[in-house]
Amino acid sequence: MKLRVSPKPAAFSACAAMAARVFCGLSVDCVSPGYAAWLSAIIGAALSVPVLWMYGHVSVVGGRTARTAFQGFILAASLTGSAVTMADIAHSAGYLALDRVAPAVLLLPAALALFWCITRNGDSIGYAAMIWARLFALLLLIVVILQFPYYRPEWLRPILGSGWSTVARNAVRAAGWFCTIGGIWIFREDGGEGRSGKNAILLSCAVSGAIAALLLALHAMLAPAFYSGAALSWQLRLDALLTNGRTPLYLQMPMIILWYGGLFHLLGCEGFAAAMLLQQMAPRLDGRVCAGAVTLCASALALSGFTGSRLLALLIRYQYIAAAGFCAIVAARGGLQTCADA
Amino acid sequence: MRGCIAAAVLVAVGMSLSACSPSMEVENQAYVLVMGIDRTENGEIELTIRIPKIGQSESSNGGGKDEASPYLTYAVRAGSYARAIDALQVMVPRELNLSHIKLIIASERIAGRSDFRELVDQIAETPHLYNTARFIVCEGSAGDYAKRMDSVIGTRLSAEIDAWFDHCIQQGFIPDSCFADVYYASNSLYSDPTAVWGFMDSGEADRAASLNLDSPMRRDAVMESPSQLFLSGAAVFRGGTLALRLDNGETQLLNLALNQTRSISVALAGKSYELTRAHRSKKSVSSEKNNPRVELEISLTCEDQITNGQASAIEAALTDSLLALVRKCQSSKVDPFGFAELAAGRFLTTGEWIDYNWRSRFAQAEPRIVVHAKSSAVP
């Protein structure tokens, strides 16, 4: 079985996954969610544009070694991203199950779903993301209308929050997610695409950056950031997102659908990218074997506690710098040339 | 075959995500509806909860009310909030479930302690408790207040609490805030939060009515529940600790300033006037950073025909009352009006805003109140 994804589904899948990852990463997955996260999402999307643009040059001028090294980097990032998402899904299920179920049992449905998604191949995941995009817009509209009286725009100020350093730090983290999730586009099928391809991923990046910024701003208008910087439990952060403590309970349903829908599309995209890259690096492996390997590895990482470790937080902080640096070095060595020239 | 496998996987995923397990059976759950939190004289935390009975045979062992009540009462004392919750889990014969809690009651004594904010943080962190619970600061014992909560008019207690609060909020005598509002505002950089003030002694209503007799606001209307509990006025917090109490007349004015109430009743020279807000109240903070001026503009219409003289008298009386309210808050260094949010917009970073020390600035700010009153009736 050959794992492949067509351009359009890949762009939609990347868009849904980028928005979900940046929103989760700067809100629920952040121990001390700060102010101005929405601004970081916008800046992060802008930062990732040149790197995503350079991806094409790496594919074309970098040669086989550079390409393999870069595939390895995106594979590792996608695998850990899948593990983080699986841990989020397991935590969410644990929240509903009153934390009385073993973590492995909570993780099992996400692992099964991931394996099944990957074996359906990339186009299924991408077209599901296209359907999700429409459903997402409708659900978000319902949530915004019903929560409208509770939004407090003044909680977005002071506009820079803790200052430029925090905004920049979060922007670099967001840019790292944009760049690594963009890998599903760059390395789809046999890699190396023309100009239209690059424009599509840049458009996905811009749209997902705008969506993530909107979601983060809406979230901040419902629950203000805490100046104390106190570490909040994951459960309270999820509570603050789903029920907010101020909005009616019946709003949990569309919020929960949005939450799980976003997480599963993120998991599908990152997991498929990891499996596809694994197959590209080891072409003799069957797609189902790659799907199984990725599912097992992501599950093991999610169970190991690595997803909540400081080491991973540190790696995430530098993944944008690594991606940008790698692209810059390869592009410089090969000489700056357009794909058309190549 | 593939379809069967896919269906099996989907069912497995769906079942796991719905968190179905025997422990979630309704019969196994003790759904807490009301929780009272207090501190004893020797410093222990006292938690009192009310849960609905499943059958009439069930009896409470924490000093509950009469056996005829459809609700059980459990009370525990422990060295910390976490231990008290643990003790309740042991004491209650079913699984303690806080996800449907409707009301949290804190005594005036515990709310006034400097460590109350930490306690609020711990309550918020309690798994599944964070669900739009209302919040009362009460005089006397929070446990006694919680024990007296009962459904006496045939409805469920959860529905009765909602109806009681909604009615009081509509009248404007209590603030429209819940536990999460207090939690958020206590930990954020903006205005100070308010909670509902409650008491059990009916004599308090008479005392409230005897205060500030020259005020135009109605002070005799305290909202009594069928369980002979009362809600009236607001508790204002500063840094997460109870700092000031507002009576129901002051709370009406505060709600008017916060656009949380649409109409008020004003009594002048033996005559009562029903006034409705014509527009949303406008608040502003002047741009001078060193000596800011806070401004509040309220436009009201009277449903009855009033003369210019009566309109001027209403404007003057309400202006004086609002000025007195602002100055009372300034003297306690609390800003429940929302001026802080406006002032914060002038700063780029939270560091600059914290250094500005809004509470001290607000305490010294010059208040300017403008009230417009006119008749909506056709002459």
Legend entry - Long-range neighbours under 7 Å by Cβ, at least six apart or interchain, first residue more than 9 Å from chain B (Cβ to nearest Cβ) and touching a residue at least 60 places away in the same chain (Cβ under 8 Å) within the stretch A:242-261, second surrounded by 15 or more Cβ atoms within 10 Å (Cβ to Cβ) and polar (S, T, N, Q): A:L251/A:Q147; A:W259/A:S92
Inset, instruction - Could you check the stretch B:80-177 for helices (runs of 4 or more DSSP H) lying wholly inside it with 1 or more residues that are out of contact with any strand residue (DSSP E or B) (no Cβ under 6 Å at 6 or more places or on another chain) and within 19 Å of B:Q29 (Cβ to Cβ)? - result: B:81-91, B:157-171
Legend entry - Checking B:E303 against (1) within 14 Å of chain A (Cβ to nearest Cβ); (2) of a type in the set (D, E); (3) in contact (Cβ under 8 Å) with a residue 12 or more places away in the chain, the condition it does not meet: (1)
Inset, instruction - Consider only pairs whose beta carbons are under 8 Å apart and that are at least six residues apart or on different chains; among these, list those whose first residue lies in the stretch B:163-189 and is within 14 Å of another protein chain (Cβ to nearest Cβ) and whose second residue is among the polar types (S, T, N, Q) and in a helix (DSSP H, G or I). - result: B:P175/B:T251; B:P175/B:N255; B:D176/B:N255; B:L189/B:T350
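Return the only residue of B:S107, B:S99 being at pLDDT 80 or above, buried (at least 20 other Cβ atoms within 10 Å of the Cβ) and assigned by TED's automatic domain parsing to the domain that holds B:P127.
Matching residue, one of B:S107, B:S99: B:S107.
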Legend entry - Whichever residue in the stretch B:183-202 is of a type in the set (S, T, Y) and out of contact with any helix residue (DSSP H, G or I) (no Cβ under 8 Å at 6 or more places or on another chain) and, among such residues, is nearest to B:L242 (Cα to Cα): B:Y184
Legend entry - Odd one out for B:G309, checked against (1) in a helix (DSSP H, G or I); (2) small (G, A, S); (3) surrounded by 15 or more Cβ atoms within 10 Å (Cβ to Cβ): (3)
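May I ask you to list the residues in the stretch A:125-158 that are of a type outside the set (F, W, Y), more than 10 Å from chain B (Cβ to nearest Cβ) and free of Cβ contacts under 8 Å to residues at least 60 places away in the same chain?
Here is the first cut: in the stretch A:125-158, the residues of a type outside the set (F, W, Y) are A:125-126, A:128-131, A:133-135, A:137-147, A:149, A:152-154, A:156-158.
The next check asks that each one be more than 10 Å from chain B (Cβ to nearest Cβ); those that pass are A:125-126, A:128-131, A:133-135, A:137-147, A:149.
Result: A:I131, A:R134, A:A137, A:L138, A:L141, A:I145, A:P149.
Test of understanding: among B:I104, B:I110, B:I123, which residue is at negative phi and away from every other protein chain (no Cβ under 14 Å)? Spell out the reasoning first.
Values: B:I104 fails: away from every other protein chain (no Cβ under 14 Å); B:I123 fails: away from every other protein chain (no Cβ under 14 Å).
Answer to the selection: B:I110.
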Legend entry - Residue check, B:F337 within 16 Å of B:E297 (Cα to Cα), within 14 Å of chain A (Cβ to nearest Cβ) and aromatic (F, W, Y): yes
Inset, instruction - Would you tally the residues in the stretch B:312-323 being surrounded by fewer than 18 Cβ atoms within 10 Å (Cβ to Cβ) and either closer than 23 Å to B:T251 by Cβ or assigned by TED's automatic domain parsing to the domain that holds B:N248 (or both)? - result: 4
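The values are calculated or read from the model by the stated rules, or taken from the named source; none is laboratory data. Keep in mind the model is a prediction, meaning the values are calculated, not measured. Neighbour counts are summed over all protein chains in view; Cβ atoms, including those assigned to glycine, are modelled from backbone coordinates with ideal geometry.
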